[in-house]
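**Student:** Could you have a look at this structure, given as structure tokens, before my questions?
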Amino acid sequence: MSLKALIFDVDGTLADTERDGHREAFNESFRNAGLDWHWSVEVYGDLLKVTGGKERIRHFIDNYQPEGAPTDPEEQDAFIRKLHQDKTKAYVNRMADPGIAPRPGVSRLIQEARSDGIRLAIATTTTPENVTSLLTHAFDKEAETWFEVIGAGDIVPAKKPAGDIYQYVLDEMDLKADEVMAVEDSYNGLQSALATGIKTIITINGYTQVEDFEGALVVFEHLGEPGFPPAQISGPKITLNHDSVTMQQIHQLFDSGV
Ligand code: XBP
Ligand code: MG
């Protein structure tokens, strides 16, 4: 079977959005709500084990017992929903100003794939509005049109590490798992892609560099740019093309399926 599509994760893969993007948007929403909650870089690293912003807030309430959350289940659900809506507004604004740069090599690989006629999609846990804001401001105002399907957030019942979001994208594209490759950054993301039988390459980041990537085809520091080669963390030694992971390497990895 030949490679038909690349499916990109968003947070940590397209851009390094968690530490200074999502985390600060959560903290802004806590301040706006008059809560004395603050997620430090370290605490957020622990909370990232839970995907989904609403689920992460609930995990924080259940496991850190902060002051200020309602105890009545229905009231708590409404409280979390409102907090998360405010956080999403804060995040969307932050993607516009101060904005964020794409990770190395991501824009280049996307354009190479498009020139190669390789179809593109997104499979992410984050909220759709966040994807729109990131693509529009960090990549191109037309960037959303590059992706045939944007599978995001609550569109599926179970978030990563469950395979639902990748299965949703395959179904929407009418493709089989062995026709696509996923680009991810985290253990949860890898498990989600593998649960759907999708070959996956990993680019690590500050939060995920210590995670277990057993089952990934290869793990790189990033996708590279001429003059800025990535370290290869694991997998069969890949000879880079002008310091970069290009579509040539992607096809080679897909076909060898190591
Ligand atoms: C990362 C996530 C998301 C973000 C927060 O998504 O787990 O929950 O941390 O975004 P992915 P929301 O790596 O799958 O792109 O608050 O909108 O959930
Ligand atoms: Mg991610």
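The values are calculated or read from the model by the stated rules, or taken from the named source; none is laboratory data. On a predicted model such as this, the values are computed, not experimentally measured, just so you know. All Cβ positions, even for glycine, are placed from backbone atoms using ideal geometry, and neighbour counts span all protein chains on display. For accessibility, only protein heavy atoms count, side chains too; no ligands or nucleic acids. Shrake-Rupley method; radii C 1.70, N 1.55, O 1.52, S 1.80 Å.
**Student:** What do you reckon, is Lys141 away from ligand 2 (no atom under 16 Å from the Cβ) and either modelled with pLDDT of 95 or more or open to solvent by 40 Å² or more (accessible area, probe 1.4 Å) (or both)?
**Tutor:** yes
**Student:** Another one. In the range 114-124, how many residues are more than 19 Å from Lys199 (Cα to Cα) and either open to solvent by less than 10 Å² (accessible area, probe 1.4 Å) or in contact with a strand residue (DSSP E or B) (Cβ under 9 Å, 6 or more places away or on another chain) (or both)?
**Tutor:** 1
**Student:** Would you check if Asp212 is open to solvent by 10 Å² or more (accessible area, probe 1.4 Å) and closer than 24 Å to Asp20 by Cα? Reasoning before the result, please.
**Tutor:** Details: open to solvent by 10 Å² or more (accessible area, probe 1.4 Å): yes; closer than 24 Å to Asp20 by Cα: yes.
Yes, satisfied.
**Student:** Checking the structure you have, find out if any residue of the range 70-82 is within 23 Å of Leu190 (Cα to Cα) and part of a helix (DSSP H, G or I). Even if it seems obvious, please write down each step before you answer.
**Tutor:** Quick first cut of the range 70-82, residues within 23 Å of Leu190 (Cα to Cα) only: none.
The answer is no, given that none of the residues of the range 70-82 is within 23 Å of Leu190 (Cα to Cα) and part of a helix (DSSP H, G or I).
**Student:** Another question about this same structure. Considering only residues that are at pLDDT below 95 and not hydrophobic (A, V, I, L, M, F, W, C), which ones fall in the range 1-43? Spell out how you get there, then give the answer.
**Tutor:** Our first condition is that a residue be at pLDDT below 95; within the range 1-43, this holds for 1-2.
Selection gives Ser2 alone.
**Student:** Can you tell me which residues in the range 176-187 are within 16 Å of ligand 2 (Cβ to nearest atom) and free of Cβ contacts under 8 Å to residues at least 40 places away in the same chain? Outline the logic, then answer.
**Tutor:** Our first condition is that a residue be within 16 Å of ligand 2 (Cβ to nearest atom); within the range 176-187, this holds for 181-187.
Listed by number, the list holds a single entry, Tyr187.
**Student:** Looking for whichever is within 16 Å of ligand 1 (Cβ to nearest atom), among the small types (Gly, Ala, Ser) and at pLDDT 95 or above here; the options are Gly215, Gly224, Gly206. Which one fits?
**Tutor:** Numbers: Gly215 fails: within 16 Å of ligand 1 (Cβ to nearest atom); Gly224 fails: within 16 Å of ligand 1 (Cβ to nearest atom).
From the options Gly215, Gly224, Gly206, the qualifying one is Gly206.
**Student:** Something else now. Name the pairs: first residue in the range 115-140 and more than 21 Å from Pro104 (Cβ to Cβ), second residue assigned to a strand (DSSP E or B) and open to solvent by 10 Å² or more (accessible area, probe 1.4 Å), Cβ to Cβ under 7 Å, at least 6 apart or on different chains?
**Tutor:** Here the result reads Ala121/Val149; Pro128/Ile150, each pair linking the range 115-140 to a residue that is assigned to a strand (DSSP E or B) and open to solvent by 10 Å² or more (accessible area, probe 1.4 Å).
**Student:** How about the range 24-80: which of its residues are among the polar types (S, T, N, Q), farther than 23 Å from Pro161 by Cα and out of contact with any helix residue (DSSP H, G or I) (no Cβ under 6 Å at 6 or more places or on another chain)? Reasoning before the result, please.
**Tutor:** Just the residues of the range 24-80 that are among the polar types (S, T, N, Q), to begin with: 27, 29, 32, 40, 51, 63, 65, 71, 76.
If we keep only those that are farther than 23 Å from Pro161 by Cα too, we end up with 27, 29, 32, 40, 65, 71, 76.
Matches in the range 24-80: Asn27, Ser40, Gln65, Thr71, Gln76.
**Student:** Specify the residue that is farthest from Arg56 (Cα to Cα); the eligible residues are those in the range 93-107 that are more than 16 Å from ligand 2 (Cβ to nearest atom) and surrounded by fewer than 19 Cβ atoms within 10 Å (Cβ to Cβ).
**Tutor:** The residue in question is Ser107.
**Student:** In the range 161-184, what residues are within 15 Å of the chain's Cα centre (by Cα) and open to solvent by less than 10 Å² (accessible area, probe 1.4 Å)?
**Tutor:** Ile165, Tyr166, Val169, Met181, Ala182, Val183, Glu184
**Student:** For Ser133, only one of the following conditions fails: (1) closer than 24 Å to Glu225 by Cα; (2) crowded, with 16+ Cβ neighbours inside 10 Å; (3) of a type in the set (S, T, N, Q). What is its number?
**Tutor:** Exception for Ser133: condition (1).
**Student:** Is it fair to say Leu194 is surrounded by fewer than 21 Cβ atoms within 10 Å (Cβ to Cβ), touching a Gly at 6+ places or on another chain (Cβ under 8 Å) and not polar (S, T, N, Q)? Before you say what the answer is, go through the steps one by one.
**Tutor:** On the way: surrounded by fewer than 21 Cβ atoms within 10 Å (Cβ to Cβ): yes; touching a Gly at 6+ places or on another chain (Cβ under 8 Å): yes; not polar (S, T, N, Q): yes.
In short, yes.
**Student:** Of the residues in the range 50-60, how many are open to solvent by 20 Å² or more (accessible area, probe 1.4 Å) and over 15 Å from Ser29 (Cα atoms)?
**Tutor:** 4
**Student:** Taking the condition over 18 Å from the mean Cα position of the chain (by Cα), within 11 Å of ligand 1 (Cβ to nearest atom) and open to solvent by 40 Å² or more (accessible area, probe 1.4 Å), does Gln111 pass? Let's see the steps before the verdict.
**Tutor:** Working: over 18 Å from the mean Cα position of the chain (by Cα): yes; within 11 Å of ligand 1 (Cβ to nearest atom): no; open to solvent by 40 Å² or more (accessible area, probe 1.4 Å): yes.
No; evaluated as a whole, the condition is false for this residue.
**Student:** Same structure again: Going through the range 9-49 one residue at a time, which ones are more than 13 Å from ligand 2 (Cβ to nearest atom), surrounded by fewer than 19 Cβ atoms within 10 Å (Cβ to Cβ) and part of a loop (DSSP other than H, G, I, E, B)?
**Tutor:** Passing the criteria: Ala33, Gly34, Leu35, Asp36, His38, Ser40.
**Student:** Being more than 15 Å from ligand 2 (Cβ to nearest atom) and closer than 18 Å to Leu6 by Cβ is the filter here; which residues of the range 188-214 pass it?
**Tutor:** Listed by number, the residues that qualify are Thr196, Gly197, Lys199.
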